[in-house]
Amino acid sequence: MITFVADTGGTRIKLALMRDGRILGRESFAARSDDGLAPQLPRIAQGLDSLCAAAQVNRDECTAFAMAFPSLIDSRTGRVLAAYGKYADAPQLDLPQWSRKTLRLPLIIENDARMALLGEWQAGAGRGCDDLVMVTLGTGIGTAALIEGIVVRGRHGQAGVLGGHLTVQQDGRQCTCGNRGCAEAEASTSVLPTLAAQSRDYSASPMRHSPVVDYASVFRLAREGDACAMSLKTRAIDIWSSLIVNLIHAYDPERVIVGGGVMAGEEEFFSELERLVLARAHTPWGRVTIVRSELGDAAALFGGEYLSRVGNA
Ligand SMILES: [Zn+2]
């Protein structure tokens, strides 16, 4: 059984053709999520054809389309329930119908962090552990939880995946969800340029002239002693660790997997994050293990392929 998988991120859309937990081929393109999802659908459909051709797979061997999406999803109806400042048109689209008509495939759609959790559980850093929390730090902040081998979903699909919208600053910044002081509004990559510009030391920082302000550049400038970058780094690690402690207290995991674009190639920030989490988390039964994602930006692809094989995990 071959599955076509799309991980619809805020920055890039990743596509893969997969069979039995293996990637047969993959490609990606810029998401342009501000323009909505509808303009990207023809490109996704082309991706199925080009991936089948490259992998020398007959198009008819592909039996399902699995889509990871950065929002709340009603996995029973396949509807996207909300937009958080990206793909604003998605709640109005009938994606199951589009998939049936255009791809001639049934659609399995799920929150992207939940799919990443399933991927890591089956094939990555969560193997052998049935009590997991996943946190993805990137354009947005995604979370998901697995308790005693069962994915936490809740009546409306919200359980476990709204960690990016846990309040971490009581009088904090306005969030796209309507709340104030959410982790995503305080320490995701999408708000970093604004946070930097509002920082006290910004006028003296090289960040002022940088075309891209992301956490990789913040960590690099912090190592070089830039005061603005150092304060942004300290603040971000503080907020991420508060968020992870909240998730540990809520879902009782044995292992927390940290992934997302912020994790790319960073050693020292991760050990500081781990130190703060372990110092703050209340776990009288023992010690939570904090690990990095093993599958990186492919985690949700593996999770999507797994869901297409087992149905609702
Ligand atoms: Zn929020």
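Can you name the condition, by its number, that residue 39 falls short on among (1) open to solvent by 30 Å² or more (accessible area, probe 1.4 Å); (2) in contact with an Asp or Glu (Cβ under 7 Å, 6 or more places away or on another chain)?
Condition (2) is where residue 39 drops out.
From the set of residues in the range 204-229 that are among the aliphatic types (A, V, I, L, M) and surrounded by fewer than 18 Cβ atoms within 10 Å (Cβ to Cβ), which is farthest from the chain's Cα centre (by Cα)?
This residue is 204.
So that you can scan it fast, the table gives a plain yes or no per residue for (1) under 24 Å from residue 126 (Cβ atoms); (2) of a type outside the set (Lys, Arg):
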{"site": "214", "(1), (2)": "no, yes"}
{"site": "217", "(1), (2)": "no, yes"}
{"site": "220", "(1), (2)": "no, no"}
{"site": "229", "(1), (2)": "no, yes"}
{"site": "232", "(1), (2)": "no, yes"}
{"site": "246", "(1), (2)": "yes, yes"}
{"site": "249", "(1), (2)": "yes, yes"}
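Starting from the range 257-276, take each residue that is hydrophobic (A, V, I, L, M, F, W, C) and list its partners that are in a loop (DSSP other than H, G, I, E, B), counting only C-beta distances under 8 angstrom and pairs at least six apart or across chains.
From residues that are hydrophobic (A, V, I, L, M, F, W, C), the pairs are 257/124; 257/125; 257/126; 257/293; 258/293; 262/138; 263/293.
Does any residue of the range 117-139 turn out to be of a type in the set (A, V, I, L, M, F, W, C), open to solvent by 20 Å² or more (accessible area, probe 1.4 Å), more than 16 Å from the ligand (Cβ to nearest atom) and under 26 Å from residue 257 (Cα atoms)?
Yes, because at least one residue in the range 117-139 is of a type in the set (A, V, I, L, M, F, W, C), open to solvent by 20 Å² or more (accessible area, probe 1.4 Å), more than 16 Å from the ligand (Cβ to nearest atom) and under 26 Å from residue 257 (Cα atoms).
Report yes if some residue within the range 9-32 is open to solvent by 60 Å² or more (accessible area, probe 1.4 Å) and in a helix (DSSP H, G or I); otherwise report no.
Looking through the range 9-32, none of the residues is open to solvent by 60 Å² or more (accessible area, probe 1.4 Å) and in a helix (DSSP H, G or I).
For the range 68-83, does any single residue satisfy the condition of being within 16 Å of the ligand (Cβ to nearest atom), surrounded by fewer than 16 Cβ atoms within 10 Å (Cβ to Cβ) and farther than 20 Å from residue 248 by Cβ?
yes
Return yes or no: is residue 190 polar (S, T, N, Q) and farther than 30 Å from residue 288 by Cβ?
No; evaluated as a whole, the condition is false for this residue.
What's the total number of residues in the range 256-292 that are open to solvent by 30 Å² or more (accessible area, probe 1.4 Å), assigned to a loop (DSSP other than H, G, I, E, B) and not charged (D, E, K, R)?
So the answer is 7.
Out of all the residues in the range 206-217, is one or more within 16 Å of the ligand (Cβ to nearest atom) and hydroxyl-bearing (Ser, Thr, Tyr)?
no
Quick one: how many residues across the range 154-188 are more than 15 Å from the ligand (Cβ to nearest atom) and either out of contact with any Ser or Thr (no Cβ under 7 Å at 6 or more places or on another chain) or within 30 Å of residue 224 (Cα to Cα) (or both)?
The qualifying residues number 4.
The values are calculated or read from the model by the stated rules, or taken from the named source; none is laboratory data. For clarity, every value in this text was computed on a predicted model and none was experimentally measured. Methodologically, a virtual Cβ is constructed for each residue, glycine included, from the backbone with ideal geometry; neighbour enumeration extends over all protein chains shown. To get the accessible areas, we keep the full protein, side chains included, count just its heavy atoms, and leave off ligands, DNA and RNA. Shrake-Rupley method; radii C 1.70, N 1.55, O 1.52, S 1.80 Å.
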